[in-house]
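The block underneath contains the structure these notes are about, expressed in structure tokens.
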Amino acid sequence: MRAFDWVKQHYEPLCYGLALTLLALALVKPEIQLRQQVPHYLLIADVSQSMNAEDERVNQQAVSRLAYSQHLMKQLVQRASCGTYFSLGIFASDNIAMLQTPLEVCKNLDVITDGIDHLEWRMAWKGNSRLSFAVHAATHVYDALNQPAQILFFTDGDEAPRVNVTIKQDLSGVQIGEFFTFIGVGGAEKVAIPRYNSANKRVGDWPVSDNNNAGAVGVTYADPSQDEPDPPVAYAEYDRMLSQLEEDYLKSLAGEFKGSYLKGTDQPAFYQALAAKPATASFVTDYPLRAFYLLLALLLLLATYVPDLRLRKTTAIND
């Protein structure tokens, strides 16, 4: 009873003291570290030259498929909550190269965004493009990551050379299907593929008649410097190499290893679908407590008025 009487006697100073302590904690130690399951996305961009085809739009302006992929990636990053991790890689030929390993979004937003901004077709180390090989490559990347991730593979599905029984890969043994999603970019209508030289200057469109004419870059094309100074381009409308989003192929390919497919659209439903994917990684992350401390401090300040309110109520009843 003595302790209760002492608390009752010093009720207001105690509330103010605790409120000040909480305010100090909000300034000095606004977060604690906890190990928890968090989202981790591995963003992979197809950088083959068919991704330079301009059949997507951002802010009512025509943009390339690669630029649109970059836009979707950055929107996903900017919408992600603190504690979400992102890795970044590129696909060309039959392999995947990592550019960034897991980075927490709030502490590394500029680094992640800068990495996405610098994606371009000249990063490709070889001209051909074989997506079934890329799935196998993704399994090796997945195993090499220090944390599991949701793999988001941004591509138009345009392969070079075209798939045939000779190069087709058996994907039935791939075990990462539940964590793998093809993100389709590009339009349903066939459009020309721009051709650039090594200075990244557009010099025309890829010609059908070129020996290196496949949709990605070409079967034998391996060095961007070979497009200097004046690479062959389509000489007429009918000679242009055309490309479109190979949606049916991507769905079929994903189905072979129980992966999934999602059309990339700059709409809330697209980002919500990606955000709904289950958390895969376990990181020691900073858990913010500042709002919690401030709320408790506010409640303690309000609590100092409780005795006065009770006294007024009692006085009113007696009167």
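When the solvent-accessible area of the stretch 74-187 is split by element, carbon and sulfur atoms take up 49 percent of it, the probe being 1.4 Å. In the full protein context, the stretch 1-136 carries 50 Å² of accessible surface per residue, based on a 1.4 Å probe and ignoring ligands, DNA and RNA. For the stretch 237-280, the Stokes-Einstein estimate of translational diffusion at 4 °C and a viscosity of 1.567 mPa s comes to 99 µm²/s, using the Kirkwood hydrodynamic radius over alpha-carbon pairs. Counting only protein chain heavy atoms and rolling a 1.4 Å probe, the accessible areas of 29, 277 rank, largest first, as 29, 277. For the stretch 248-302, the carbon plus sulfur part of the accessible surface works out to 66%, probe radius 1.4 Å.
The values are calculated or read from the model by the stated rules, or taken from the named source; none is laboratory data. This one's a predicted model, so the numbers in the text were calculated from it and none came from an experiment. Accessible surface areas use protein heavy atoms only, side chains included; no ligands, DNA or RNA. Shrake-Rupley method; radii C 1.70, N 1.55, O 1.52, S 1.80 Å.
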